[in-house]
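*Asks:* Quick one: the structure is below, and I'll ask about it shortly.
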Amino acid sequence: MNKPAYKPGLHVLCTWKAPSEHLQDIERCRDFYQKLSKQFELQVLGEVYHAFDGENAGFTVCICLSESHLALHTWPEHGHLTFDLFLSNFQRDNRAKVKEMVEASRLFFEAEVVVEHQLER
């Protein structure tokens, strides 16, 4: 009997439109993702939150997870952000968790979807 092919996980890449004030508040974002990581029982291996200099400046975030990664970049001057989340299915199927985290993040930023790609790896 053939075993079903292993699916490494769901990778979601988005571009969202969001209110400028949400795209500048790096501390609010850090608090949110620290809570979200705990809520979804993710193991954070390292994280970088970098705020750019200047008026109306955005920020970038990269969170390295044992399950894979979460990354985002904001452009408040354009009201846009990019969002990238991949969780491996190693030891358990994380596809539903990815979808829940994407939606929680979209709601956090009060964002409207411009583009979304869901890739089954």
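*Asks:* For the chain, find the longest principal axis of its Cα atoms and tell me its angle to the long axis of helix 95-108, 0 to 90°, nearest 10.
*Replies:* 10 degrees
*Asks:* Another question about this same structure. Which net charge results for the neighbourhood of Gly79, defined as the other residues with beta-carbon distances under 13 angstrom from its beta-carbon, given Lys and Arg at +1 and Asp and Glu at -1? Write down the numbers at each step before the final one.
*Replies:* Values: positive: Lys17; negative: Glu21, Glu77, Glu110, Glu112.
Surrounding charge for Gly79 is -3.
*Asks:* Shifting gears a bit: Based on a Kirkwood Rh over C-alpha pairs, give the Stokes-Einstein translational diffusion coefficient of segment 47-121 at 20 °C and viscosity 1.002 mPa s in µm²/s. Don't skip to the answer; put the middle values down first.
*Replies:* Details: Rh = 13.6 Å.
Value of D from the Cα-based Kirkwood radius: 157 µm²/s.
*Asks:* Taking K and R as +1 and D and E as -1, what net charge do the other residues with C-beta under 15 Å from the C-beta of Cys62 add up to?
*Replies:* Details: positive: Arg30; negative: Glu47, Glu67, Asp84.
After counting each charged neighbour, the total is -2.
*Asks:* Counting Lys and Arg as +1 and Asp and Glu as -1, what is the net charge of the other residues whose Cβ lies under 14 Å from the Cβ of Gly46?
*Replies:* Values: positive: Arg30; negative: Glu47, Glu67.
Around Gly46, the surrounding residues sum to -1.
*Asks:* Same structure, new question: Pairs on different chains or at least eight residues apart, Cα atoms closer than 19 Å: how many lysine pairs in the chain fit? The partial results should precede the final answer.
*Replies:* Working: Lys7/Lys97; Lys7/Lys99; Lys17/Lys99; Lys35/Lys97; Lys35/Lys99; Lys38/Lys97; Lys38/Lys99.
Final tally of qualifying lysine pairs is 7.
*Asks:* Once the piece of chain linking Lys38 and Arg92 is laid out straight, how much longer is it, given 0.36 nm per residue of separation minus the C-alpha distance between them?
*Replies:* My answer for the length gained is 17.7 nm.
*Asks:* For segment 81-121, what does the alpha-carbon gyration tensor say about shape, rounded, prolate or oblate, given a ≥ b ≥ c as the root eigenvalues, a/c under 1.5 as rounded, and a/b over b/c as prolate? Present the calculation step by step, with values, prior to reporting the outcome.
*Replies:* On the way: a/c = 2.91, a/b = 1.82, b/c = 1.60.
The shape class here is prolate.
*Asks:* If each residue of separation counts as 0.36 nm, what is the full-extension length gain between Asp53 and Lys7 once their alpha-carbon separation is subtracted?
*Replies:* Numbers: separation 46, 0.36 × 46 = 16.56 nm, distance 4.09 nm.
In short, 12.5 nm is gained.
*Asks:* So, one more: If I stretch the segment between His78 and Val115 completely, what's the gain in nm (0.36 nm per residue apart, minus their alpha carbon distance), one decimal? Walk me through the intermediate numbers first.
*Replies:* Numbers: separation 37, 0.36 × 37 = 13.32 nm, distance 1.52 nm.
This chain segment gains 11.8 nm when fully extended.
*Asks:* Which three semi-axes in whole Å describe the equivalent ellipsoid of segment 3-109, each the square root of 5 times a Cα gyration tensor eigenvalue, listed largest first? Let's see the in-between values first.
*Replies:* Numbers: eigenvalues 144, 38, 25 Å².
Each semi-axis is √(5λ); the values are 27, 14, 11 Å.
Values quoted throughout were computed directly from the atomic coordinates according to the rules given, and no laboratory measurement underlies them. Nothing here was measured: the structure is a model prediction, and the numbers come from that model. Reconstructed Cβ throughout: ideal geometry from the backbone, glycine too, with neighbour counts over all protein chains shown.
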